[in-house]
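Reading through the structure tokens given below for one structure.
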DNA sequence: TTGTATGCGTTATCAA
DNA sequence: TTGATAACGCATACAA
């Protein structure tokens with residue numbers, strides 16, 4: 001592997017000049033710069049970022065620590081984030097915590113050790129600890145969920161209001177016994193979606209305690225959904241707090257031979273590609289996932305550029321996409 | 001940020017001893033080791049991997065360069081890969097090329113500059129260039145598709161045979177005019193799936209030229225699928241070369257008011273979660289995606305441990321999962 | 001068993 | 001404008 005001194009030797013200049021030439025400093029003779037360029041390409045020289053970063057005390061790497069790569073909501077965030085980061089010359093390290101605090105802790109540590117320039121994460125829960133990152137001054141942006149202490153830069157969606165909208169929509173369509181499968185306690189979006197659902201039913205004077213908690217990951221919501229369906233006073237509609245839960249809910253519905261829309265109203269958070277393909281197509285509360293990623297990226301870049309900025313907080317809205325699964329027929 | 005010399009000073013020993021103690025070398029007095037540990041935790045010391053890696057000339061990072069984070073096939077690979085890499089103490093950098101050769105080139109460069117310990121990639125096409133990695137001796141494992149020169153470690157699926165199986169299945173179920181939407185020319189899996197389809201139809205003495213090429217990404221296959229459906233002699237069955245194409249095919253079917261199974265047989269490669277949820281459930285050629293990732297990880301670790309190993313090549317099989325979309329009714 | 005001293009490849013400082 | 005040199009933080013060869 002060619003080093004800077006190999007290039008220097010070949011070009012007949014000092015390493016300092018090579019460094020300057022390759023980094024496009026203006027203070028270098030054009031002819032020398034050309035010679036350096038030639039030597040570099042001839043040798044197939046690639047600067048060693050390890051050494052460069054050690055010297056510069058910074059890296060051009062951003063860490064994106066998300067809860068679940070198999071959840072389309074998060075991969076959409078990743079795309080938005082990546083698109084912006086790319087154009088700013090940063091590369092993105094995608095880390096998957098699996099909604100697991102141990103894995104999250106490990107990745108935060110990796111981010112710290114690798115001295116990444118910034119971190120975006122969707123905190124896995126109330127015990128998420130970013131103290132180490134903060135002490136080092138690594139910029140952090142929370143997405144989807146706030147950090148436990150609620151401070152710092154963040155890009156969130158008004159989940160409570162969105163859940164309220166979803167429940168209200170079902171009420172408007174004539175459903176009266178509405179159930180909800182939400183995520184684990186302590187995860188902000190799970191708690192807020194539950195709260196919004198409860199708000200709406202309370203306002204309508206209906207009972208709002210027909211809900212279950214489930215993992216936010218695939219597989220965990222089937223059993224809770226079945227329990228709801230088997231209630232002595234079974235629901236006539238169901239809200240799923242994300243698309244992974246929705247998969248299980250639909251599975252449970254199939255097992256009980258219940259057809260969405262006709263037999264039971266269904267609304268889910270998130271708008272996965274398959275939502276419009278199933279029969280009947282699924283009514284959803286679509287979150288602006290791509291935008292969350294893109295906004296978080298810009299926020300992070302701003303923060304990197306100026307640490308003294310006041311903490312920024314963006315609250316986005318989810319939008320109701322009406323399809324047939326919530327249409328009483 | 002505390003450094004090794006801070007710890008050394010606090011523990012009253014030399015930096016060498018700190019290094020040895022923290023890296024668990026046996027040649028260090030237990031009492032001193034304890035003092036070092038104490039000092040390290042008191043100072044909140046985190047070793048600087050930049051410096052460590054520069055010194056060691058290696059990193060504990062593996063790069064996984066995949067074609068599309070939004071394709072469940074690739075995220076499943078990522079999970080398999082990550083699970084194995086984790087247990088071996090490596091962290092995984094996930095890079096998304098978007099089936100784009102420019103992005104791929106950039107990420108290969110990043111991997112090179114960051115001196116990652118190894119790379120797994122799904123080559124974007126015939127112009128994929130890993131020369132730079134090879135020159136440096138960075139271990140590489142190709143997944144899903146071989147490298148252009150076909151050499152080196154690889155984990156593939158027998159696509160041609162799988163496509164043959166899929167077409168044969170449709171023939172066995174009585175379909176006679178079978179069409180195929182495959183990926184771009186030059187992408188091995190796309191070409192092989194087409195070839196396998198053609199093999200089967202030729203063997204049956206049927207015409208095998210009712211096919212179209214499309215992007216492997218969402219959105220690109222709708223138009224080609226519509227063209228097939230509007231053929232003067234329209235197909236009575238359709239094979240999609242991956243699940244992203246399948247999404248578009250189903251969309252096209254809906255536009256032409258064709259119901260899978262009843263009006264037209266459908267089989268797709270890959271088994272996304274939504275396949276069993278749609279109505280009718282989709283017959284698929286399931287690829288062992290998680291295993292591909294896990295096997296590639298082990299192969300890469302073996303290669304890192306011993307560069308002189310003979311190149312390994314694993315060929316896995318896809319399996320037919322019969323559901324209702326290919327059942328003539 | 002411990003400490004001293006050196007070098008990994010780069011960039012920044014300072015003189016020339 | 002260029003070059004010599006120090007320093008980034010760590011791990012190791014070698015000496016003690």
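Structure notes:
Residues are listed down the side, and each one gets a yes or a no for (1) more than 14 Å from chain A (Cβ to nearest Cβ); (2) at positive phi:
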residue: B:261; (1), (2): no, yes
residue: B:264; (1), (2): yes, no
residue: B:276; (1), (2): no, no
residue: B:282; (1), (2): no, no
residue: B:288; (1), (2): yes, no
residue: B:291; (1), (2): yes, no
residue: B:295; (1), (2): yes, no
residue: B:300; (1), (2): yes, no
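- Of the candidates B:218, B:312, B:241, B:275, the single residue that is buried (at least 24 other Cβ atoms within 10 Å of the Cβ) and closer than 26 Å to residue B:195 by Cβ is B:241.
- Entry remark, the stretch A:97-108: residues being buried (at least 23 other Cβ atoms within 10 Å of the Cβ) and touching a helix residue (DSSP H, G or I) at 6+ places or on another chain (Cβ under 9 Å) number 2 in total.
- Taken over the stretch B:76-89, the criterion of being touching a residue at least 40 places away in the same chain (Cβ under 8 Å) and within 10 Å of another protein chain (Cβ to nearest Cβ) is satisfied by B:76, B:78, B:79, B:82, B:83.
- Single condition residue B:171 does not satisfy, out of (1) modelled with pLDDT of 95 or more; (2) part of a loop (DSSP other than H, G, I, E, B): (2)
- Selection within the stretch B:1-20: residues that are within 7 Å of DNA strand C (Cβ to nearest atom) and in a helix (DSSP H, G or I). The member of this set that is surrounded by the fewest Cβ atoms within 10 Å (Cβ to Cβ) is B:16.
- The set of residues from the stretch A:36-45 being touching a residue at least 24 places away in the same chain (Cβ under 8 Å) and more than 9 Å from every other protein chain (Cβ to nearest Cβ) comprises A:36, A:38, A:39, A:40, A:42, A:43, A:45.
- Lone qualifier among B:111, B:33 - being crowded, with 24+ Cβ neighbours inside 10 Å and either touching a strand residue (DSSP E or B) at 6+ places or on another chain (Cβ under 6 Å) or more than 9 Å from every other protein chain (Cβ to nearest Cβ) (or both): B:111
- Yes/no for residue A:23 being within 9 Å of DNA strand C (Cβ to nearest atom), more than 13 Å from chain B (Cβ to nearest Cβ) and either under 28 Å from residue B:66 (Cβ atoms) or within 38 Å of the chain's Cα centre (by Cα) (or both): yes
- Taking the conditions (1) surrounded by 23 or more Cβ atoms within 10 Å (Cβ to Cβ); (2) modelled with pLDDT of 95 or more; (3) over 19 Å from residue B:291 (Cβ atoms) in turn, residue B:152 satisfies each one other than (1).
- Qualifying position, being facing chain A (nearest Cβ under 9 Å) and either under 30 Å from residue B:144 (Cβ atoms) or touching a strand residue (DSSP E or B) at 6+ places or on another chain (Cβ under 6 Å) (or both), among B:71, B:48, B:53: B:53
- Some residue of the stretch B:145-158 being assigned to a loop (DSSP other than H, G, I, E, B), more than 16 Å from DNA strand D (Cβ to nearest atom), assigned by TED's automatic domain parsing to the domain that holds residue B:301 and under 12 Å from the mean Cα position of the chain (by Cα): yes
- Meets criteria (closer than 27 Å to residue A:277 by Cβ and either within 22 Å of the chain's Cα centre (by Cα) or buried (at least 22 other Cβ atoms within 10 Å of the Cβ) (or both)) for residue B:170: yes
The values are calculated or read from the model by the stated rules, or taken from the named source; none is laboratory data. Just so it is clear, the model here is predicted, and its values are computed rather than measured. All Cβ positions, glycine included, derive from the backbone under ideal geometry; neighbour counts span all protein chains shown.
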